[in-house]
1. Excluding residue 100 itself, calculate the net charge of residues whose Cβ lies under 12 Å from the Cβ of residue 100, where each Lys or Arg counts +1 and each Asp or Glu counts -1.
2. Starting from the Kirkwood Rh over alpha-carbon pairs, what translational D in µm² s⁻¹ does the chain have by Stokes-Einstein at 25 °C and 0.890 mPa s?
3. Find how much the distance from residue 110 to residue 230 grows on full extension, using 0.36 nm per residue of separation minus their present alpha carbon separation; answer in nm with one decimal.
4. State the answer as a single residue: which of 243, 217, 260 lies farthest towards the positive end of the charge dipole of region 198-274, with beta carbon charges of +1 for Lys and Arg and -1 for Asp and Glu, about the Cα centre.
5. Volume per residue, Å³, of the convex hull around the alpha-carbon atoms of region 144-278?
6. Kirkwood Rh and Cα-based Rg: tell me the resulting Rg over Rh for region 70-152, rounded to two decimals.
7. Can you tally the net charge around residue 109? Count Lys and Arg as +1, Asp and Glu as -1, for every other residue whose Cβ sits under 13 Å from the Cβ of residue 109.
8. Roughly how many debye, to the nearest 20, is the charge dipole of region 76-183 about its Cα centre, given +1 on each Lys and Arg Cβ, -1 on each Asp and Glu Cβ, and no other charges?
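The values are calculated or read from the model by the stated rules, or taken from the named source; none is laboratory data. This is a predicted model, so every value here is computed, not measured. Here the Cβ is made from the backbone with ideal geometry for all residues, glycine too, and neighbour counts use every protein chain on show. Surface accessibility is based on the protein's heavy atoms, side chains included, excluding ligands, DNA and RNA. Shrake-Rupley method; radii C 1.70, N 1.55, O 1.52, S 1.80 Å.
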Amino acid sequence: MAHAMMRPARLAVGVVSAGRVGSVVGAALTRAGHTVVAASGLSHASVRRAEQLLPDVPLLPPDEVARRADLVLLALPDDALAGMVRGFVATGSLRPGQIVVHTSGAHGIDVLAPAAEAGALPLALHPVMTFTGRSEDLDRLAACSVGVTATEGDEAAWNVGEALTVEMGAEPVRVPDEARALYHAALAHGANHLMTLVADCAELLREAGIAQPERLVAPLLSAALDNVLRHGDRALTGPVARGDLGTVRKHLAVLAERGPDIAPSYRALAKRTLARGDAAGLLDASAAAELTELLSDPADPADPAEGQQNQ
């Protein structure tokens with residue numbers, strides 16, 4: 001397909017909507033030399049972000065934003081994307097030659113199929129970062145990667161997505177459309193669940209009477225993250241990786257008593273740590289077998305006799 005815009009320079013950008021992601025990506029495109037001509041946003045928070053990050057940009061209904069734009073940026077919740085795209089097509093808000101981009105990690109370009117049928121160029125550009133919706137996100141965006149997905153075989157479209165990413169200062173990473181769900185599951189598992197894990201860690205430390213637990217764990221967690229990224233499973237440490245059955249049993253017992261909401265996730269992650277450590281050759285067979293039995297039985301982690309033996 002011959003696209004009218006093979007170089008993404010000096011585009012009129014329409015942002016739908018001016019949430020945490022849309023306002024920051026719109027500002028990044030402005031910094032790259034494009035012009036945000038309109039944005040949508042109804043909430044007080046969206047209006048405030050637009051005033052700060054997209055000053056003097058008119059706030060209009062989404063269909064009017066799309067009509068004014070060469071590049072329509074859809075920064076919407078995952079479940080809202082399909083309906084918005086269908087609505088644009090039904091109201092004639094899209095035209096051939098436009099670029100229609102969404103920022104969802106979970107979706108590829110299938111969700112943009114109605115826009116493609118209307119003659120637009122569909123792209124998925126997913127910044128791999130968390131957004132606060134504040135100006136400091138612009139610097140963070142310039143240091144992150146962006147998952148780029150375009151139509152298979154349309155090299156020009158891939159180039160447009162990569163060029164837009166580079167213009168914002170980020171690093172483009174090609175993600176095939178069929179890999180998008182697994183790609184996003186991996187990122188959510190790592191980032192979102194890491195936040196939950198760290199929050200649980202801090203909560204347990206506060207329960208133990210530790211003041212300012214964040215200061216205590218920050219160096220430990222930073223070192224652990226650096227080690228696993230450098231060395232993979234060989235960086236595993238702790239009682240599971242060492243095969244310390246008694247210590248793991250005591251952990252399960254105290255969590256059952258003092259952190260019952262957290263105990264199941266400790267058990268589940270300990271089982272995954274055991275599997276990875278065993279595969280990496282960190283445990284001997286007998287220790288791995290004993291830990292497997294312990295972690296597979298959530299009924300009563302505390303064995304007083306065993307606990308005394310391992311004091």
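1. Combined, the nearby Lys, Arg, Asp and Glu give -1.
2. Result for D is 110 µm²/s.
3. 39.7 nm
4. Looking along the dipole axis, the top candidate is 243.
5. In region 144-278, the Cα hull volume divided by residue count equals 143 Å³.
6. A ratio of 1.00.
7. Summing Lys/Arg as +1 and Asp/Glu as -1 gives -4.
8. Working: 6 positive and 15 negative charges, 59 e Å.
Here region 76-183 has a charge dipole of around 280 debye.
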